[in-house]
Amino acid sequence: MAGGHAGGETRRPSAAREIARDPSWSDYLVFARLRLGISDEEFYRLSPRQFAALWGGWERKEREDLRRIALLRMDLINFSFCRPKKPITLGDLLPGEIDAAEAEPVRRHRMTRKLRQEIANSFRSMAVLAQSS
């Protein structure tokens with residue numbers, strides 16, 4: 001019994017605080033200050049509905065950021081030199097977050113001479129438009 005507990009586990013002093021409980025005002029204030037970046041004064045002027053709206057907006061932004069990172073990882077894995085035989089999907093990286101339509105693997109296009117020429121022409125036309133404006 002290491003640390004005085006069965007199984008050799010040691011307890012942290014903060015373990016007692018990890019018990020599920022309803023958040024307190026100080027928990028909300030910490031979230032508002034650290035995550036939302038608002039001052040104490042701004043926090044206390046918010047109505048509960050305004051605070052809930054800000055919290056929801058923050059959660060949406062966090063999900064978008066997580067999705068953006070997952071898209072980058074998916075592209076890195078699927079289009080690398082050592083890519084998997086079966087392409088991974090967003091659903092593999094974010095289980096439960098992505099619906100079936102979005103989880104479809106990205107179709108790989110074979111780079112042909114014609115496709116390469118079309119891409120080059122589109123870039124040339126963008127450059128011409130940028131110069132004329």
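Details
- For E41, the requirement of being under 25 Å from P23 (Cα atoms), loosely packed, with under 11 Cβ neighbours inside 10 Å and of a type in the set (D, E) is met.
- Selection within the stretch 51-100 - of a type outside the set (A, V, I, L, M, F, W, C) and part of a loop (DSSP other than H, G, I, E, B): S80, R83, P84, K85, K86, P87, T89, P95, G96, E97, D99
- In the condition set (1) modelled with pLDDT under 90; (2) surrounded by fewer than 10 Cβ atoms within 10 Å (Cβ to Cβ), A103 is compliant with all but (2).
The values are calculated or read from the model by the stated rules, or taken from the named source; none is laboratory data. Note that this is a predicted model, so its numbers are computed, not measured. Positions of Cβ are generated from backbone atoms using ideal geometry, with glycine treated the same way; all protein chains shown enter the neighbour counts.
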